[in-house]
1. Any residue that is at pLDDT below 95 and more than 21 Å from Phe16 (Cα to Cα) - is there at least one of those in the stretch 105-112?
2. Among the residues of the stretch 176-192, which ones are at negative phi and touching a residue at least 60 places away in the same chain (Cβ under 8 Å)?
3. Name the single residue, out of those in the stretch 17-31 being part of a helix (DSSP H, G or I) and not small (Gly, Ala, Ser), that is most open to solvent (accessible area, probe 1.4 Å).
4. Could we say that Lys70 is assigned to a helix (DSSP H, G or I) and modelled with pLDDT under 95 here?
5. Just for the stretch 77-105: of the residues that are out of contact with any helix residue (DSSP H, G or I) (no Cβ under 9 Å at 6 or more places or on another chain) and closer than 25 Å to Leu146 by Cα, which one is least open to solvent (accessible area, probe 1.4 Å)?
6. Condition first: farther than 22 Å from Ser207 by Cα, under 11 Å from the mean Cα position of the chain (by Cα) and touching a residue at least 60 places away in the same chain (Cβ under 8 Å). Now tell me which residues in the stretch 82-105 satisfy that.
7. Applying the selection to the stretch 75-115, what residues are touching a Lys or Arg at 6+ places or on another chain (Cβ under 9 Å) and among the aromatic types (Phe, Trp, Tyr)?
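The values are calculated or read from the model by the stated rules, or taken from the named source; none is laboratory data. Because the structure is a prediction, the values reported are computed rather than measured. A quick note on method: Cβ atoms are made from the backbone with ideal geometry, for glycine too, and the neighbour counts reach across all protein chains shown. Surface areas here come from the heavy atoms of the whole protein model, side chains and all, with no ligands, DNA or RNA. Shrake-Rupley method; radii C 1.70, N 1.55, O 1.52, S 1.80 Å.
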Amino acid sequence: MTTTSTSASPPAAPTFEVEDELRAHGARVVAGMDEVGRGAWAGPLLVCAAVPGEGAPPAGLTDSKRLTPKRRRELAAQLEPWVADHAFGWSEPAEIDEVGMTEALHRAARRALDGLTARPDAVILDGRHDFIGRPWRVRTQVKGDLTCVSVAAAAVLAKVRRDAFMAALDADHPGYGFDRAAGYPSPAHRATLAESGPTPHHRMSWSYLDALPRWKHLRRHRAAPVTTAADGGTGDEGEQLSLL
């Protein structure tokens, strides 16, 4: 069962309002989830599931995109001992190329949930789209990373973990800006791609390759996207985002 909530004017800081509402309707364990890497050209997709801890969260918790990298790292260090539980689910570029972004997101989310110590009774997802599906009880929350403590915590933890992973790739693949742009499009990334071509960490089914005359022959084409009962989509949403 999926329900959706919107927030016209997000609060100054995330609250427990949605989590408390779900608990009032019988959910003992509530997890917030968010993803990072969906619009990147290189690197994995990462989903984090986080179960909030007791008491107030670390001060300054908010949408990870509103924080500097340094502040995100500081918050992540404070969040890890505060959350009651958290786990990550990954989908590597080869899997994204094989099954499409929608199915890859579905799989990564399930992996994150399977990694939690206790199965959540309800899951809060940022946005409008339920990318998990049955049998999970899902609450989609527009601007969830601004309004819900659990989603905000998941967003910060996911962003810091993936950024660290991408930065570690930079020594072996200099010039792409993996340590700064984490595989997302940037002037340095585009220039190095045009000159040196994609690395083993690039998503090879995406249309950015069509704009690279020397390398477009490397693009992989799927016969048909893989979809699940959770989405019914085309499987190519991530590629569309990568072109924005």
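1. Within the stretch 105-112, the first condition is being at pLDDT below 95, and the residues that meet it are none.
No, that holds for no residue.
2. Of the residues in the stretch 176-192, the ones at negative phi are 176, 178-181, 184-192.
Of everything in the stretch 176-192, those that are at negative phi and touching a residue at least 60 places away in the same chain (Cβ under 8 Å) turn out to be Tyr176, Phe178, Tyr184, Pro185, His189.
3. The first filter runs over the stretch 17-31 and keeps only residues part of a helix (DSSP H, G or I), leaving 17-24.
Keeping just the survivors that are not small (Gly, Ala, Ser) gives 17-23.
Working: Glu17: 133, Val18: 12, Glu19: 0, Asp20: 81, Glu21: 78, Leu22: 12, Arg23: 88 Å².
Here the residue is Glu17.
4. The answer is no for Lys70.
5. So, considering only residues that are out of contact with any helix residue (DSSP H, G or I) (no Cβ under 9 Å at 6 or more places or on another chain) and closer than 25 Å to Leu146 by Cα, the one least open to solvent (accessible area, probe 1.4 Å) is Asp85.
6. Correct list: Phe88 only.
7. Scanning the stretch 75-115 gives Phe88, Trp90.
Quick grid of which residues meet (1) small (Gly, Ala, Ser); (2) open to solvent by 10 Å² or more (accessible area, probe 1.4 Å):
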position	(1), (2)
Arg107	no, yes
Ala112	yes, no
Ala118	yes, yes
Val123	no, no
Asp126	no, yes
His129	no, yes
Trp136	no, yes
Lys143	no, yes
Val151	no, no
